[in-house]
Structure formats: structure tokens, C-alpha cells
């Protein structure tokens, strides 16, 4: 049973067809890159998977079930934005995640937090943007979920933070879980990915493993993407 | 350990090459325990699945063996390591000869160049 | 889950509400003390200070009332319709749990503000003027009602509590529904929320007035039923009407949040 599956998934809104007859599967234990330019439908697909949007037609399935309370227990989602309440301090945030998510590993989170030297009493609104992003990542990766969905996790961060994030993803690897990383910054994450899915204007253009692409085209996925993208733009 | 990864070639084969080189060059002694898949993947910045497959290939050709709970170890059979070393040397030599012949050098000229250049070149290469 | 949601809702709102409530009670004490001083002296300075403290006291009451309503609307907006919505709507809880946690906590604060107002009034006037007998009068009234008409007294209180709760919930849901609908549109979200707020209010008033007219006419001037039976029926009718309105706005809000959530 694939942990994530889209069947003829279509989503229209605001007069635009954001996703058009998308079919794909992701198996457990894989780290997959969802790659495409801005506005290609990546975020729409992730929102659909999390029940924040409902499909116009077709299905999105997490472990065979449509998004709902049961799938939310399985999916750990890192949105592109600061989504943690600003009034909370770090201790309260940990309490919050522990209260609502049965798979939250408080000790793992504490280890990462002490590693970064963040004060437990510090309020989210007092944290710098970089610290906030790291905290959000720690919360998401500290859950023992079956599917992690990271939306642009390394966009707009300094190289040290980027390395930290990639290191966290590698170090957290679990063969029972899958990780879907949605990004347009391919070069930075390419070595970490098993498979890549190219999406453009709501349609799947390519689905393959990183090594197959490098073998077949003799170039990195990033290089291939840039070439293809120039074609797509026309 | 040094991981040199070229973006245009498959990661899997490059990991195998790097690991073979490290073993053959003595960075890991015969019988020495290798770091865990996770640690090596972290160090190289690659997917643990790919690192695992690379290590499995090394198990297949005998350079490495695994003990269920204890982890992975470099083989103690020096014969296998020497064979791998020779194979790598052969590859390097073939590649060198190929480049030299494209420059237009023939066999006698190549040997003469090595002889005359030997002192400085070898000093530079720490031989 | 509901309990946990309410816990965090109280934590988020308590930081604002508790200091204000405290301020109200403290200013009530201030009014009381300054009034006694004015009673016993002719000093203009004392009168001036008493005036200021009375002003602060009145401001405190006003601010508390306005703040409790503003906070209720703001919490819904911030927690559900902005980036925090990414956190709340991906929790393994139902939309109903999320909504009820907000309604219950807001209702509790409204009641707390009401009780605090009453308490503050007592503190401010305690042994200062002839108002001192009010507490005693209310107590007498209650004991009269309950001893003479025991069952009815308790029933009135129960009905009263339900009416108060539904009124609080109704006010919340009026705001929630207007915002939930307004924000389901891609543009002009705030403008549309305000528009829908007034539309819903208008509809409420029309039905409320219309309902009252038909009810009064149907009862008739000379009813044979006892006073208490009539009061009971009126209260039950009010409860039914409030419940109906709450249900309608609840359904609108829940549907919008489930199907038309439009987080950026």
C-alpha cells in the first residue's frame, strides 16, 4: 500500500486549474522531491494531502484513506510559513505538540533544541526568522510520522541552516516513513533524494529516480530541470 | 572520510568508488568496523537508501562483510583488498595512457617522460 | 481533545483578560475608598481624585466589555484564518471541536466579565450609600421565589443560564459566520466579512421582531394559564429561537471552514 497516492486528482480554484489529472504514488522509506517552478501546483497538492483543500475531482489518499482526522495522525507537515503561535514560548509549544500528537517524541525534540542552544522560555515572537524555521522543523521532524511533507524547507535560509535541515532529514530517516520535499531549489537537496517528480502547470511531467536521470541524461537533476524548464516556459 | 561527489554522475556508483578507494588506500584497516549507514550518509550528505545499496554492493564483491547486530566491517582477506587496489590502479593507468595518447605521445616517449620526470613528480605526489 | 483545545485557548486569552479583570476590581476598590474620603471631607482635591478614579472605573467596565468581544473575534481570525490555521486545521481534531472550544471559552469570558462587573459594583458601593441594601434585597427575592415556587425558581435559573449561554454563543457565531464566509472569497475578505456581518445581523433582527410579533399576538391578552407557566413558555420560546439561530450560523461557519478554507 503506497503511503501517498493521487488518482486522477484535479483541483480548480480561482478560475485556474491548479492540478490536472495527477496520478502518482510514493512508497514508504523513500525520500522524494516534488520539483517544479512557483505556481506549478506543488503547494496545492500538499494542501490537498493535508485536508486544507478538497479535490474538484479524483482522489488523494494517505495510506489508502482520504484526508481526515485519522490521516492527520500520520502526516507531519511543514508549511512554508511561520505557523506556530507567536504568543507561545518554546516549552508551551512542546506541550502543545505532545498534547495533540501521540507520535511526538519530546526527547528527540529536546535534544535538537539543546544542540541549538535555544532557551525554553523564549517566546516565538522574540525568535529570529532563522530560529523560528529551525524550531518548526524540529517540531515536525520530532514526530514519528508515516509521511513527512516539507514545503520549501530550505528556501531563503543561510547555508548553515540549510545544511542543518538536510542533516536533520538524513538523520531522521525511517524506512517506515516517506518524506516528500517540495522545492524549486534542486541542487541543494538532490543528493538526498531517492526519486524526483517534476510538476509543471498542474501536470506531472516526469517521475524517476535521481540516479536513473543522471545515468540516462549524463547530467544532474538540477541541470536537467533547468533545461526542461526553459522549454516549458515557452 | 572524503566524499567527492560529481553532480553529473549517478550517486550510487560514486559512493562505491569512494568507499573502495578509502579501503584500498588504507583509510579503513582490514577488519575495522565501518561507521553506521546513517553516519556515513550524514557525512556524505546523501540518502541513506543509496548509501545502504552502495555498501551492499561492496558486500557482494567481498570488500566488506556484515555481522547482523555488530555492523559492517572491512574484510580481513588482504588478498581481496590487494586485488581491488590493482584493479583501481589499472583503471588509473588506462585513463592516464588514454589521455597521453590523445596528446599524441607514443609508448617510448611516455616511458621516457616518466623516467625523467620521476624525482619531482613523485615528490609532489608524496611517493 | 476539546478540553486540550480549551486549555490553550484560555492560555492565549488569559494574558489579556486577567490583567483587565484585576484592573477592574482594583479600580472598584479605589472608587470605594475615594468616595468614603469625599464623604468625610470638603477638600476639592479629594473630590477631584474621586472623580478621576470613578472615570477610570467606568473606563475599566467599558474596556472589559469591548475587549472581550474584540478578543473573541480576533482569536477566531488569528487562529483559523491566518498562518496559524496551518497548525490548527492539520491537528487530528474535528472542525466541531475547534469551533466549540472557541465558543465555550468566549462564553466563559463573557460571563466572567458580567460577574466581575456585578462584583465590582458591589465593591465600589460597599457601605458607601443607600445602595447597600441591594444585595440583601436580591437575596430576599431569591428565597421568596424558591420557597414559594421551589421548582419554578430552579427552572427559571436553569432557563436563564441556558438563555445567557445561547446569547453568548449566538454573538460569537454571528462574528464567526461572517468572517468564515468573508474569508472564503479570494479578494476583499475583510470588506465582505463586514458586509456579511451586517446582513446576518439584519436577518436576525427581522426574524427576531417578526417572531416576537407573532408570538405576542398568539398569546392573547387574557390568558388563563398561570403567570409562571406563561413566563416559562416565553423563556422556552426564546431558547428555541436562540438555538435555531445559533444552529444556522454554526452550520454556515463549519461548512465554510471545512470546504472553503482558503489559507494563503
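Each reported figure results from applying straightforward, stated rules to the coordinates on display, with no laboratory input. Just so you know, these numbers come straight off a predicted model, no measurement behind them. A quick note on method: Cβ atoms are made from the backbone with ideal geometry, for glycine too, and the neighbour counts reach across all protein chains shown.
Taking label points 7 Å from Cα along the Cα-to-Cβ direction, residue A:103 and residue B:92 give a separation of 4.8 nm.
Rounded, prolate or oblate: which one fits chain B, using the alpha carbon gyration tensor with axes a ≥ b ≥ c (rounded when a/c is under 1.5, else prolate when a/b beats b/c, else oblate)? Prolate, since a/c reaches 1.5 and a/b exceeds b/c.
What number, in percent, do you get for the relative contact order of segment C:170-264 if the mean sequence gap of Cα pairs under 8 Å and at least 6 apart is divided by its residue count?
On the way: 61 pairs, mean separation 42.9, N = 95.
Averaging sequence separation for qualifying contacts and normalising by length gives 45 percent for segment C:170-264.
Mind grabbing the base-10 log of I(q)/I(0) for segment B:11-76 at q = 0.12, 0.18, 0.29 Å⁻¹? Debye formula, identical points on the C-alpha positions, no solvent, two decimal places. So the normalised log intensities work out to -0.25, -0.58, -1.55. Volume per residue for segment B:79-124 equals 95 cubic angstrom (convex hull of Cα atoms).
Say R0 is 51 Å: what FRET efficiency, to the nearest 0.05, do residue A:56 and residue C:41 get from their beta-carbon distance? Working shown, then result.
Values: r = 77 Å, r/R0 = 1.51.
After rounding to 0.05, the efficiency reads 0.10.
Counting pairs of alpha carbon atoms under 8 Å apart in space and at least six apart in sequence, what relative contact order in percent does segment B:11-76 give? Once normalised by length, the contact order is 40 percent.
Could you calculate the contour length gain from residue B:69 to residue B:4, that is, 0.36 nm times the residue separation minus the distance between their Cα atoms, to one decimal place in nm?
Values: separation 65, 0.36 × 65 = 23.40 nm, distance 2.96 nm.
Using 0.36 nm per residue and subtracting the Cα-Cα distance, I get 20.4 nm.
Each Cα pair under 8 Å and six or more residues apart adds its sequence gap; the mean of these over the residue count of chain A is a relative contact order of 28 percent. Largest mean-square fluctuation among C:214, C:233, C:16, in a Gaussian network model of chain C whose springs join Cα atoms under 10 Å apart, belongs to C:214.
With both bridge residues required to lie in chain A, what share of the DSSP beta bridges run antiparallel, to the nearest 5%?
On the way: 21 of 39 bridges.
Around 55 percent antiparallel, to the nearest 5.
Quick one: Debye curve from the C-alpha atoms of segment A:77-225, no solvent, what's log10 I(q)/I(0) at q = 0.17 Å⁻¹? So the normalised log intensities are -1.00. Model label points for residue C:205 and residue C:48, set 7 angstrom from Cα along the Cα-to-Cβ axis, are 4.4 nm apart.
Can you give the log10 of the normalised intensity I(q)/I(0) at q = 0.09, 0.11 Å⁻¹, computed with Debye over equal Cα scatterers of the protein assembly as shown? Relative scattering, expressed as log10 I(q)/I(0), comes to -0.90, -1.16. Considering only B:40, B:100, B:51, the mean-square fluctuation computed in a Gaussian network model of chain B, springs between alpha carbons under 10 angstrom, is largest for B:100.
Pick from B:36, B:66, B:116 the residue whose mean-square fluctuation is largest in a GNM of chain B, springs joining Cα atoms under 10 Å. Fluctuation is largest for B:116. Under the classification rounded if a/c is under 1.5, otherwise prolate if a/b is larger than b/c and oblate if not, where does chain C fall, given a ≥ b ≥ c as square roots of the Cα gyration tensor eigenvalues? The shape class here is oblate. According to the square roots a ≥ b ≥ c of the eigenvalues of the Cα gyration tensor, what is the shape class of segment C:1-148, taking rounded for a/c under 1.5, prolate for a/b larger than b/c otherwise, and oblate for the remainder? Oblate, because a/c is 1.5 or more while a/b does not exceed b/c.
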